[in-house]
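Taking it in order: structure first as structure tokens, then the write-up.
Each value in this text was obtained by applying a stated rule to the coordinates, not by laboratory testing. None of the values given here were measured: they were computed from a predicted structure. Methodologically, a virtual Cβ is constructed for each residue, glycine included, from the backbone with ideal geometry; neighbour enumeration extends over all protein chains shown.
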Amino acid sequence: MTQRASGTVFIVDDDNDFRDSMKWLLESDNFHVSGFGSAHDFLERYNGEMGCMLLDVRMPEINGLALQQIMNERGIKVPIIVVSGHGDIPMAVNAMKNGALDFIEKPFDDEVLLRLVEQGLQRATEMFKDNSALAQTRSNYDSLSKREKEVMSLVVGGNSNREIAHELGISPKTVEVHRARVMSKMRADSLPDLVQQANRLHVA
């Protein structure tokens, strides 16, 4: 049996027959699948699992584009593969502009879909790792004292120890101590590494 990327394939489509057929196709190829009959259904039941989404753009009440926007607003980071009919191509293109991974037009080749889903789950894994790393960096930053945060801000701003000492009214030796603690707590291997972390946290 083929080893698939980890994560769940979320199928959001109001067409029960299509949803069931997609679920059968994906599960027969060793993907873990969860189906939803509407955008409301997904938003109510989704609890943060890692995965990618197979999303129909044309649905009642909340269409695919609207769901994509709601997900962006709520910080739900799930790679989206848009499923569109011939008349829905402009909507699919707009979904791509708003960050969808790709779109596939009905009727489509099963192998093309399976390949896209595998790519979506691989991307989801990358996003999960990135988010975990960012959360760890944020936790490290939160562990800094107020003075250490001040020193870090001035360090990544390109200031020397002497300039930082003058700015904060402390001795250069004290700056060195705070700077060493910042590097240790942030687990930074070098100044460029610290600058990159500050940029990711938007504290530079």
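Against the chain, whose longest principal axis is taken from its Cα atoms, helix 64-74 shows a tilt of about 20°. Rounded to the nearest 10 degrees, the inclination of helix 172-185 to the longest alpha-carbon principal axis of the chain is 20 degrees. The amide H of Met53, built 1.01 Å from its N in the peptide plane, has Phe10, Ile80, Ile81 as neighbours under 5 Å, considering only residues 5 or more places off or on other chains.
Which FRET efficiency, nearest 0.05, do Ser143 and Glu167 yield, Cβ-Cβ r, R0 25 Å? The formula returns an efficiency of 0.65 here.
Here the relative contact order of the chain, from alpha carbon pairs under 8 Å that lie six or more residues apart, stands at 16 percent. Between the C-alpha center of the range 34-86 and that of the range 101-143 there is a gap of 14 Å.
If I compute Cα Rg over 2.2 N^0.38 Å from the structure I just sent, which labelled value in (1) 1.16; (2) 1.07; (3) 1.40 lines up? Correct label, based on the coordinates given: (3).
Only DSSP H runs of four or more residues enter the estimate; each adds -39500 (n - 2.57), and after division by the residues of the chain the mean residue ellipticity at 222 nm equals -18000 deg cm²/dmol. Applying a threshold of 18 Å to the alpha-carbon distances of Lys23/Lys77; Lys77/Lys106; Lys77/Lys149; Lys23/Lys106 flags Lys23/Lys77; Lys77/Lys106; Lys77/Lys149 as lying beyond it.
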